[in-house]
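What follows is a short report on a single structure.
What follows is calculated from the coordinates using simple rules that are stated; it is not laboratory data. Every value quoted in this text rests on a predicted model; they were computed, and no experiment measured them. Cβ: placed from backbone, ideal geometry, glycine included. Neighbour counts: every protein chain shown.
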């Protein structure tokens, strides 16, 4: 094992496998199913139960050119526009071309999408799409249906799973190749405490890092564990400054923290209007698609209007839908609103932006390979180049699906590399852990200084405050003993520091990165990616790379990062 690792007990038990998949969303479970079908001994490690990842919470749907008259080329064009000049076009072309068949294979696995009266897949629109290409299930419960189908398939095929397990660090052999992971299993069961899964291929599918902010649509498990693990292992991350704030999250009060209810973009896709307290539709004239503009544009417009009027939120008005449409098309959202005392049938819904999706993550090539040999990443934890500076609505489930299949194909094609897999190098530097109570301080810092509105001053303040927290832990004033809460808090600090460093380095406004002191997009200087790695003393080092240079070389010949 090389690099940096969390302070944790030595593994007390071990499992041998060909592949270990960390995460149980659409990306992780698809990768596991495909690897299993290829005859590889596969183990799925997941932080909660199999069906409690971010996929379960996806409301709107999955985008693919499935409808009459729609084409992958049109889907590509919409994705490139939303990505604000930073999408890797070969990655997007791969996504939209392979996407329709990947969705059909998902249906063959058991996912049941909503149908029209004549039996065709019912398609809707969301922000940034010029055509109806969003397939949905249960009205607004698409993620839950996809999760159900994949979990059932995993169980039917007998794939070995380790639930309620927090992944800790990557194991490496003496050649620097991946050799598995260490993990901690919470609660009673076949395995308890810290253990290891020894495998020559590791697939990170750990989801996002929304919990780095005070208010997010992400579940509580989304603490950036995969990104932090990859950074400690020496991998590169890219585009981490591009955090998408969903424009329409149910406003529960200025002091609301943690996971907040999402009001799907599909509600606007079906004709809901954004209005202020006076009922004025402020998106008219802002963009040709008005309320269906890409998410960064809508989030900025809402935030501007809130600032202009000194308001804590805006409203989403869909009263014209009527009770029947609400009950059949959006039953989940309707129930969530009513549980908080709001009835969308008779009242406009109070909404405000909240942290939603990380467009960046662990840097990969078109086969999901990272800059660490044997380590793969897919889904929200990965940066494939598809999203650029802003994710197009409902492309996330498709990305997880397509790249998970490509990862499985790559592992099956090259076979497990077992040479030296158990020959671990000298123990790496051990990371001092932060006390669990520091978590809220990290979230407050990031929300205040690195949220929707950013500037050099605010980002410098964030970086300084985060560094102070790290130093406090190093000096043992706030150090903690090993445990799930302290490991998660330490991971959050890691991703927060890297995010703040990247956001400070990007001196422009682009996509979902909004710099008040640099309000214009600057293609001449900044139409490029920011790549970050950690130095041995855990300092984020940022470098730039051109879009065309985005995919890293193959893991068999890793390229050394340049400062």
* **Rounded to 5, the percent of DSSP beta bridges in the chain classed as antiparallel** => 65
* To do: Starting with the fewest neighbours, write out 328, 184 ranked by other beta-carbon atoms found within 10 Å of each beta-carbon.
  => 328, 184
* segment 93-190 - percent relative contact order, Cα under 8 Å, separation 6 or more -> 17
* For the residue pair residue 304 and residue 537, what label-to-label distance in nm results when each label sits 7 Å from Cα along the Cα-to-beta-carbon direction? -> 4.4
* Structure fact -> Listed with the fewest Cβ neighbours within 10 Å leading, 251, 245, 403 appear as 251, 245, 403
* Could you state the number of Å between the C-alpha centres of segment 52-110 and segment 199-248? -> 21
* Calculate, in nm to one decimal, what residue 71 and residue 522 gain on full extension: separation in residues at 0.36 nm each, minus their alpha carbon distance. => 159.2 nm
* Cα pair count fraction exceeding 44 Å, expressed as % - the chain -> 11
* **Whole-Å semi-axes of the ellipsoid equivalent to segment 243-355 (Cα gyration tensor, √5λ, descending)** => 20, 17, 13
* Structure fact -> As a percent rounded to 5, the proportion of antiparallel DSSP bridges among beta bridges in segment 14-141 is 55
* Asked: For helix 142-156, what angle does its Cα long axis make with the longest principal axis of the chain, in degrees from 0 to 90 and rounded to 10?
  -> 30
* Cα centroids of segment 135-188 and segment 284-329: how far apart, whole angstrom? -> 35
* Asked: Going highest first, how would you order 214-223, 194-203 by mean Cβ packing within 10 Å?
  -> 194-203, 214-223
* To do: Starting from the eigenvalues of the Cα gyration tensor, five times each then square-rooted, give me the equivalent ellipsoid semi-axes of segment 166-239, largest first, whole Å.
  => 23, 19, 8
* Structure fact -> FRET efficiency (residue 346, residue 448; Cβ distance; R0 45 Å; to 0.05) is 0.80
* **Paramagnetic label zone (point 7 Å from Cα along Cα-to-C-beta, residue 464; backbone N under 14 Å) in segment 434-451** => 449
* segment 353-373 and segment 468-499: distance between their alpha carbon centers, rounded to Å -> 23
* Taking the Cα atoms only, what angle lies between the long axis of helix 295-309 and the longest principal axis of the chain, rounded to 10 degrees? -> 60
* Structure fact -> antiparallel share of DSSP beta bridges within segment 163-299, to nearest 5, in %, is 90
* Asked: Hey, what did the chain get for relative contact order, percent, Cα under 8 Å, at least 6 apart?
  -> 21
* Label points 7 Å out from Cα along the Cβ direction at residue 14 and residue 117: separation in nm? -> 6.4
* **Ascending count of other beta-carbon atoms within 10 Å, so fewest first, for 140, 70** => 70, 140
* **Nearest 10 degrees, 0 to 90: helix 72-82 Cα axis against the chain principal axis** => 90
* Tell me the label-point distance for the pair residue 430, residue 157, using the 7 Å Cα-to-Cβ offset, in nm and rounded to one decimal. => 3.9
